[in-house]
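Following: one structure in structure tokens, then a few remarks.
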Amino acid sequence: MSFGHPLLLLGLLIVPLAIVLYLLAERRRMRYAIAFTNLDVLAAVAGRQRPWRRYVPPMLFLLALAALCVAVARPYRSTLVPSERATVILVVDISGSMQARDVKPTRLAAAQAAVRTFLDRVPKRLRVGLISFAAEPYVGAPPTTDREVVRESLDQLGIPDFYSYGGTAIGDALEKAVEMGKTAVPGTAQTIAYSTAAKNHGLVSILFLSDGKQTRGILEPLDGAQQAKDAGIPVYTVALGTKNGTVTRGGFGGPRTIPVPPDPVTLSAIARLTGGKFFAARTADALESAYADLSSKLGRVPGRVEITWWLLAAAAALLVIAGVLSALWSPRLP
């Protein structure tokens with residue numbers, strides 16, 4: 001926690017001063033106590049009181065006073081705050097292996113559901129772009145704050161087409177995502193890949209999902225990752241599926257079963273090289289959890305949030321409670 005006006009924390013000295021004044025008042029009260037002749041009545045009154053109760057309201061009052069003293073110093077809490085300039089590029093594998101059913105209902109359907117969760121939870125000002133890829137990458141939606149545009153493009157990923165069965169070009173997809181990222185941040189399109197890469201780190205992120213090894217494409221996966229690193233763009237990777245995943249394909253000799261295990265080694269290396277994070281999603285729930293976790297981090301930058309009003313609300317609540325307890329627990333004669 002940090003403070004906008006730390007010198008005002010000296011106001012906390014009021015708390016020990018108030019304690020001293022309270023103790024002096026107690027001594028004064030005892031000094032001037034009057035004699036009570038009817039001891040039976042006095043014993044009955046005193047017997048029904050719990051001694052600790054008389055100290056609770058003053059303690060609550062002192063806590064409220066301390067909260068007010070801290071509040072006037074304008075406290076801040078370090079956290080991640082939404083960035084108005086941030087962009088996330090979603091990259092989704094749509095190759096034929098994404099029709100495998102080891103992740104229910106299919107890998108592709110689970111991926112679409114997880115992306116929808118991500119879109120629902122990220123800051124509204126965050127720009128989101130969508131790239132799909134199989135044998136080559138395709139831009140589904142350029143970076144935009146219009147979630148419906150991205151959702152419509154996402155829904156189209158469920159429609160099989162000729163390219164869906166052409167292989168997996170991880171390196172080329174990364175290159176396309178980096179190109180989109182370089183033009184995503186206003187005013188940095190010409191500089192993001194040069195000396196300001198470190199400065200812009202975090203303004204653009206790539207969330208990359210795939211379920212298999214590279215089988216097509218020009219650029220190797222780690223070469224594409226190197227381009228992302230040079231541009232200061234972290235790549236968060238998700239390996240979807242299990243080692244037992246299979247798809248069935250027809251042919252001249254009849255249907256045949258093809259194993260389609262994911263490639264966590266390559267995807268983990270991409271994340272490590274670029275400063276991102278790797279997730280292994282073997283179930284739809286694990287995939288949903290990964291995207292939900294990323295939605296709370298991506299598009300946000302380190303910042304400060306003022307908590308003055310929280311302290312003021314806590315002080316007001318403590319004062320009310322202290323007043324109520326004081327009224328309820330004040331000793332009364334029968």
So if each residue of separation counts as 0.36 nm, and I subtract the Cα-Cα distance between K124 and K297, what length gain in nm does that give? 60.9 nm
Taking amide H positions as placed in the peptide plane 1.01 Å from N, state which residues far from F3 in sequence (5 or more) or on other chains have amide H under 5 Å from it. Y76
Efficiency of FRET between R77 and R256 - r from beta-carbon atoms, R0 51 angstrom, step 0.05: 0.30
Compute the label zone of S326 within the stretch 51-75: residues whose backbone N is under 13 Å from the point 7 Å along Cα-to-Cβ. 54-65
³J(HN,Hα) computed for each position of the stretch 218-233 - Karplus, 6.51 cos²θ - 1.76 cosθ + 1.60, integer Hz, glycine/proline x: 8, 8, 6, x, 6, 5, x, 5, 5, 4, 5, 4, 4, 8, x, 10
Phi-derived 3J(HN,Hα) across the stretch 273-287 with the Karplus relation (6.51, -1.76, 1.60, θ = phi - 60°), rounded Hz, x for Gly and Pro, is 5, 9, x, x, 9, 9, 10, 9, 10, 9, 9, 5, 5, 5, 5
Quick one: which residues, 5 or more positions from T144 or on another chain, have an amide H under 5 Å from its amide H? H modelled 1.01 Å from N in the peptide plane, none for Pro or chain starts. V128, G129
Using the Karplus curve 6.51 cos²θ - 1.76 cosθ + 1.60 with θ = phi - 60°, work out ³J(HN,Hα) for each residue of the stretch 108-115 in order, rounded to whole Hz, and write x for Gly and Pro. 5, 5, 5, 5, 4, 5, 5, 5
For R101 and E148, what does the FRET efficiency come to when R0 = 30 Å and r is the distance between their Cβ atoms, rounded to the nearest 0.05? 0.55
Using 0.36 nm per residue, how much length does the chain from L312 to L9 gain when fully extended, once their Cα-Cα distance is taken away? 107.6 nm
Near G140, within a Cβ-to-Cβ distance under 12 Å, what is the net charge of the other residues, with Lys and Arg +1 and Asp and Glu -1? 0
Between V265 and S289, what is the FRET efficiency for a Förster distance of 30 Å, r being their Cβ-Cβ separation, to the nearest 0.05? 0.85
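Over 27 Å between Cα atoms: which of K104/K229; K124/K277; K182/K297; K176/K297; K176/K277; K243/K297 fall into that group?
Violating the 27 Å Cα-Cα cut-off are K104/K229; K243/K297.
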So what's the net charge close to R282: Lys and Arg +1, Asp and Glu -1, counting the other residues with Cβ under 15 Å from its Cβ? -1
Order of 52-58, 5-11, 121-127, 287-293 by packing, highest average Cβ count within 10 Å first? 287-293, 121-127, 52-58, 5-11
Among 317-328, 206-217, 101-112, how do they line up from the highest to the lowest mean number of other beta-carbon atoms within 10 Å? 206-217, 101-112, 317-328
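Readers should treat all values here as calculations from the given coordinates under stated rules, not as data from a laboratory. Quick caveat, the model's predicted, so the values are computed rather than measured. Using ideal geometry, Cβ is built from the backbone for each residue, glycine included, and neighbour counts are taken over all protein chains shown.
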